[in-house]
Amino acid sequence: MPLFLSELQLSALSFSLSLIFFTASRLSRELTLARSAASIQAVSMRAPKWLGFLIVIQTMILSAAPAPETLVLWPQGAPEPVGFQSSAEASVISPRDGLRRVSNVSDPTLTIYRAQKPNGTAVLVAPGGGYNHLAIQHEGEQVCSWLNSLGVTAALLKYRVPRRDPNEPSNVPLQDAQRAMGILRKRASDWDIRPDRIGVLGFSAGGHLSIRLALQPNQRTYAIDRTIEHDDAAPNFAVPIYPAYLVSKTNTFELLSSIVVTDQAPPICLVHAHDDKGETSSSGSALIYLEYKKRNLPAELHIYDAGGHGFGMKATGLPSAEWSTRVGEWLRSRGLLDREKPASAKK
């Protein structure tokens, strides 16, 4: 299984490897120039002191990053619609931004990225992609790395795409999200997770999916397998980032009838850009916030002046690129980053 390293660990590892190479080159040069047996022995005696120390540092860096664990969500095969024909899964680097996308997912998975010092909180991460592909890098893997830096266990959901149902494309991905949340809660103790501190964070279509999971967690359309999943698939909090498909193209100032906030909805932190338009309009997040406000439910809303759609973890230079800092502050304020402090209860 490949080793997962944070950007900081990769930088430290690169630095230590450069030092090892430099030191080895220097010792080799000194050995070449040495003219006596005594000088050769003196140079050789220095090697363990230099290289041994650096190799220990390198080993510490590698051991600090637990390898991710990938689970198949449907060991007996995903419950596909009658007549659906799958294609081979593909991973493509976009020439537009150099980022990786995944398409034709028929065998959905859940990959667990464990923090070096877990605080008990876990987040299910749902990349976007219009329910046609998955922006697995800047809305997935990089997000998991950031969550790990906060001490949060990240669970990357690779849900089924492209769309199976053109009229309601989120129905099949919702099955994957419910199964994934059920697995996280069932196996919470295996991954040092508190079962009352499992949230969901999604982008665009994944943001829409996170809202559906938050509002309709246990309305299953498949048979629950209690040997691998918990009955309760309700997230304890939700973080939709520029969620799509909450409003229609023709009326962006009214939530779709399928989006219904109830008194059981979990605490939410919404992020959007004002210049996001159409089916992905920022008005969708604002309307969700207002539904929470009506019911006096815990909610936070960040709408940035600019950012467009799909910025994820990209370093755009705009204030909207700092959304992860705001979300981290929200998680901390609710006690979700402190192992000793209990998570804030719903009002």
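Just one of the numbered conditions (1) closer than 21 Å to PRO243 by Cβ; (2) in contact with a Phe, Trp or Tyr (Cβ under 8 Å, 6 or more places away or on another chain); (3) not hydroxyl-bearing (Ser, Thr, Tyr) is not true of VAL152; which one?
(2)
Pick from GLY129, GLY98, GLY151, GLY140: which is free of Cβ contacts under 8 Å to residues at least 40 places away in the same chain and closer than 21 Å to PRO235 by Cβ? Before the answer, list the steps.
Working: GLY129 fails: free of Cβ contacts under 8 Å to residues at least 40 places away in the same chain; GLY98 fails: closer than 21 Å to PRO235 by Cβ; GLY151 fails: free of Cβ contacts under 8 Å to residues at least 40 places away in the same chain.
Just a single option satisfies the conditions, and that option is GLY140.
Every residue in region 74-91 that is free of Cβ contacts under 8 Å to residues at least 40 places away in the same chain and of a type outside the set (Ser, Thr, Tyr), please.
Of everything in region 74-91, those that are free of Cβ contacts under 8 Å to residues at least 40 places away in the same chain and of a type outside the set (Ser, Thr, Tyr) turn out to be GLN76, GLY77, VAL82, GLY83, GLN85, ALA88, GLU89, ALA90.
Please pick out the residue among ARG185, ARG179, ARG212 that is of a type outside the set (S, T, N, Q), in a helix (DSSP H, G or I) and either surrounded by fewer than 19 Cβ atoms within 10 Å (Cβ to Cβ) or touching a helix residue (DSSP H, G or I) at 6+ places or on another chain (Cβ under 6 Å) (or both).
Values: ARG185 fails: either surrounded by fewer than 19 Cβ atoms within 10 Å (Cβ to Cβ) or touching a helix residue (DSSP H, G or I) at 6+ places or on another chain (Cβ under 6 Å) (or both); ARG179 fails: either surrounded by fewer than 19 Cβ atoms within 10 Å (Cβ to Cβ) or touching a helix residue (DSSP H, G or I) at 6+ places or on another chain (Cβ under 6 Å) (or both).
The conditions single out ARG212.
Being within 16 Å of the chain's Cα centre (by Cα) and either farther than 28 Å from SER103 by Cα or assigned to a helix (DSSP H, G or I) (or both) is the filter here, so list the residues in region 192-203 that pass it. Quick ask: steps written out before the conclusion?
Our first condition is that a residue be within 16 Å of the chain's Cα centre (by Cα); within region 192-203, this holds for 193, 197-203.
Residues satisfying the conditions are ILE193, ARG197.
Read through the list (1) over 23 Å from LEU337 (Cβ atoms); (2) in contact with a Gly (Cβ under 8 Å, 6 or more places away or on another chain), then give the number of the only condition that ASN236 fails.
So ASN236 meets the others, but not (1).
How many residues does region 114-137 contain that are under 14 Å from LEU201 (Cβ atoms) and more than 9 Å from the chain's Cα centre (by Cα)?
Applying the first criterion (under 14 Å from LEU201 (Cβ atoms)) to region 114-137 yields 121-128, 135.
Narrowing the set further to residues that are more than 9 Å from the chain's Cα centre (by Cα) leaves 121-122, 128, 135.
Qualifying residue count for the region: 4.
Any chance you could count how many residues in region 64-106 are in contact with a strand residue (DSSP E or B) (Cβ under 8 Å, 6 or more places away or on another chain) and over 30 Å from ARG185 (Cβ atoms)?
Within region 64-106, residues that are in contact with a strand residue (DSSP E or B) (Cβ under 8 Å, 6 or more places away or on another chain) and over 30 Å from ARG185 (Cβ atoms) number 5.
Among the listed residues GLY328, GLY284, GLY312, identify the single one that is on the phi > 0 side of the Ramachandran plot and either under 24 Å from the mean Cα position of the chain (by Cα) or of a type outside the set (Asp, Glu) (or both).
The conditions single out GLY312.
Pull up region 68-115, narrow it to residues that are loosely packed, with under 14 Cβ neighbours inside 10 Å and aliphatic (A, V, I, L, M), then point me to the one that is modelled with the highest pLDDT.
The qualifying residue modelled with the highest pLDDT is VAL72.
Quick check on region 215-247: of everything there that is of a type in the set (Gly, Ala, Ser) and touching a helix residue (DSSP H, G or I) at 6+ places or on another chain (Cβ under 7 Å), which residue is farthest from GLU322 (Cα to Cα)? Working first, answer last.
Step one: list which residues in region 215-247 are of a type in the set (Gly, Ala, Ser), which gives 223, 233-234, 238, 244.
Narrowing the set further to residues that are touching a helix residue (DSSP H, G or I) at 6+ places or on another chain (Cβ under 7 Å) leaves 233, 238, 244.
Working: ALA233: 30, ALA238: 18, ALA244: 20 Å.
Within region 215-247, the match that is farthest from GLU322 (Cα to Cα) is ALA233.
So, restricting to strands (runs of 3 or more DSSP E) that lie completely within region 84-138, which ones have at least 1 residues that are closer than 30 Å to ARG332 by Cα and in contact with an Asp or Glu (Cβ under 7 Å, 6 or more places away or on another chain)?
Values: elements: 90-93, 100-103, 109-113, 122-126.
Result: 109-113.
Does region 156-170 include one or more residues that are of a type in the set (Ser, Thr, Tyr) and part of a helix (DSSP H, G or I)?
Let us first name the residues in region 156-170 that are of a type in the set (Ser, Thr, Tyr), namely 159, 170.
Still in the list and also part of a helix (DSSP H, G or I): none.
No, region 156-170 contains no residue that is of a type in the set (Ser, Thr, Tyr) and part of a helix (DSSP H, G or I).
Among the small types (Gly, Ala, Ser) and in contact with a His (Cβ under 6 Å, 6 or more places away or on another chain): is that true of SER145 in this structure? Give the steps one after another, and end with the answer.
Working: among the small types (Gly, Ala, Ser): yes; in contact with a His (Cβ under 6 Å, 6 or more places away or on another chain): no.
Answer is no for this residue.
Please enumerate the residues belonging to region 188-209 that are among the polar types (S, T, N, Q) and either at pLDDT below 95 or surrounded by 20 or more Cβ atoms within 10 Å (Cβ to Cβ) (or both). Spell out how you get there, then give the answer.
From region 188-209, those among the polar types (S, T, N, Q) are 189, 204; that's our starting set.
Selection gives SER204 alone.
Looking at (1) closer than 16 Å to HIS208 by Cα; (2) in contact with a strand residue (DSSP E or B) (Cβ under 8 Å, 6 or more places away or on another chain), find the lone condition where GLY130 falls short.
Status for GLY130: all satisfied but (2).
Could you pull out the residue among SER149, SER145, SER170 that is more than 24 Å from SER103 (Cα to Cα) and not aliphatic (A, V, I, L, M)? Even if it seems obvious, please write down each step before you answer.
Details: SER145 fails: more than 24 Å from SER103 (Cα to Cα); SER170 fails: more than 24 Å from SER103 (Cα to Cα).
Step by step, each of SER149, SER145, SER170 is checked, and only SER149 is more than 24 Å from SER103 (Cα to Cα) and not aliphatic (A, V, I, L, M).
The values are calculated or read from the model by the stated rules, or taken from the named source; none is laboratory data. As the structure is a prediction and not an experimental result, all values here were calculated from the model. We place every Cβ from the backbone using ideal geometry, glycine too, and count neighbours over all the protein chains shown.
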